[in-house]
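J.: First the structure, then my questions, so here it is.
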Amino acid sequence: MSTQAAPSGTPRVAAPTRREQILKEAARLFAERGFHGVGVDEIGAAVGISGPGLYRHFAGKDAMLAELLVGISERLLAGGTARVAEAPDDPAALLAALVDGHIDFALDDRPLITLHDRELDRLRDADRRRVRRLQRQYAELWVAAVRQLHPATPESEARAAVHAVFGLLNSTPHLGSGLPGRDATEALLRRLAHGAFGALGAGPGAR
């Protein structure tokens with residue numbers, strides 16, 4: 001979504017495009033009922049257009065799924081790359097920014113996490129390989145930041161820690177209604193993530 005200036009001069013977020021609305025509702029419905037449990041007509045109805053009208057925006061459900069999963073992988077990598085550029089000489093600030101950015105994703109885009117877990121194998125081979133490549137590049141940004149902050153940590157251990165933290169943060173869809181509220185959940189996830197990375201500097205066998 002683009003931004004534009006409000007009359008007061010304060011930037012505001014523009015209304016989502018119809019294409020963005022379709023993708024948001026498709027992600028929600030796919031996550032709730034499964035890819036094969038949702039019809040094109042239902043997605044169209046959720047955004048107020050007919051099923052056939054939806055084909056003016058997407059070739060079909062497969063195209064929506066690909067754009068959702070490739071798109072979020074691209075956005076995560078782009079966001080991570082921007083954070084690296086903003087904190088080139090401060091690994092602690094960089095890792096904090098990466099954690100905060102991923103927490104925003106984990107709280108705001110929970111349907112996409114569910115979709116990735118359930119439906120990634122439905123993508124065409126080329127799209128699936130692209131998603132995996134983007135994810136590896138994103139993870140390596142984190143690995144580099146962790147090793148800058150904890151230089152004595154072996155690369156394999158840093159990479160394992162990064163993926164463990166991803167698993168922690170990406171658990172949000174499984175928490176259901178147990179989330180204690182956005183601010184409290186964000187603070188909890190932040191403490192847990194930094195606690196996991198902090199354990200790298202505590203030495204072997206630390207308790």
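Derivation of every value follows stated rules applied to the coordinates shown; laboratory data play no part. What you see is a predicted model; the values in this text were computed from it and never measured. We place every Cβ from the backbone using ideal geometry, glycine too, and count neighbours over all the protein chains shown.
J.: Could you work out the helix-only [θ] at 222 nm for the chain, with each DSSP H run of four or more residues adding -39,500 (n - 2.57) and the total divided by the number of residues, to the nearest 500 deg cm²/dmol? Walk me through the intermediate numbers first.
T.: Numbers: 9 runs with 138 residues, N = 207.
Taking each H run of at least 4 residues, the total per residue is -22000 deg cm²/dmol.
J.: What percent does the relative contact order of the chain come to when contacts are Cα pairs within less than 8 Å and at least six residues apart?
T.: On the way: 172 pairs, mean separation 38.4, N = 207.
Contact order relative to length: 19 percent.
J.: Using a ≥ b ≥ c from the Cα gyration tensor of region 1-131 (square roots of the eigenvalues), is it rounded, prolate or oblate, where a/c under 1.5 gives rounded and otherwise the larger of a/b and b/c decides, a/b for prolate?
T.: Note, shape of region 1-131 comes out oblate.
J.: Still on this model: Can you give the charge dipole size of region 114-169 about its Cα centre, rounded to the nearest 20 debye, using +1 on the beta carbon of Lys and Arg and -1 on the beta carbon of Asp and Glu? Mind dumping the intermediate values first?
T.: Working: 11 positive and 8 negative charges, 52 e Å.
The calculated dipole for region 114-169 is roughly 240 debye.
J.: 7 Å from Cα along Cα→Cβ at both residue 92 and residue 118: what's the point-to-point distance in nm?
T.: Between residue 92 and residue 118, the simple spin-label model gives 4.2 nm.
J.: By Kyte-Doolittle mean hydropathy of at least -1.0 and Cα axial length of at least 20 Å, which whole DSSP H helices of the chain are selected?
T.: Numbers: long enough: 18-33 (22 Å, -0.98); 61-86 (37 Å, 0.51); 91-108 (25 Å, 1.11); 125-149 (36 Å, -0.94); 155-169 (21 Å, 0.67); 182-198 (24 Å, -0.22).
Correct list, ordered by number: 18-33, 61-86, 91-108, 125-149, 155-169, 182-198.
J.: Which value in nm describes the separation of the simple spin-label points at residue 78 and residue 14, placed 7 Å from the Cα toward the beta carbon?
T.: Going from the residue 78 label point to the residue 14 one covers 1.4 nm.
J.: Further question on the same structure: Placing +1 on the Cβ of each Lys and Arg and -1 on the Cβ of each Asp and Glu in the chain, which of 184, 198, 165 has its Cα farthest towards the positive end of the resulting dipole?
T.: Value: 165.
J.: What is the gain in length, in nm to one decimal, between residue 46 and residue 148 on full extension, counting 0.36 nm per residue of separation less the C-alpha to C-alpha distance? Don't skip to the end; give the middle numbers.
T.: Numbers: separation 102, 0.36 × 102 = 36.72 nm, distance 4.65 nm.
Difference between extended and current length: 32.1 nm.
J.: In region 44-170, if the dipole is taken from +1 on Lys/Arg beta carbons and -1 on Asp/Glu beta carbons about the Cα centre, which of 77, 50, 144 is farthest to the positive end?
T.: Of the options given, the answer is 50.
J.: Say we join alpha carbon atoms closer than 10 Å with springs in a Gaussian network model of the chain; which of 17, 114, 172 then has the biggest fluctuation?
T.: 17
J.: From Cα pairs below 8 angstrom and at least 6 apart in sequence, can you work out the relative contact order of region 93-207, rounded to a whole percent?
T.: Numbers: 61 pairs, mean separation 44.0, N = 115.
Dividing the mean separation by the residue count of region 93-207 yields 38 percent.
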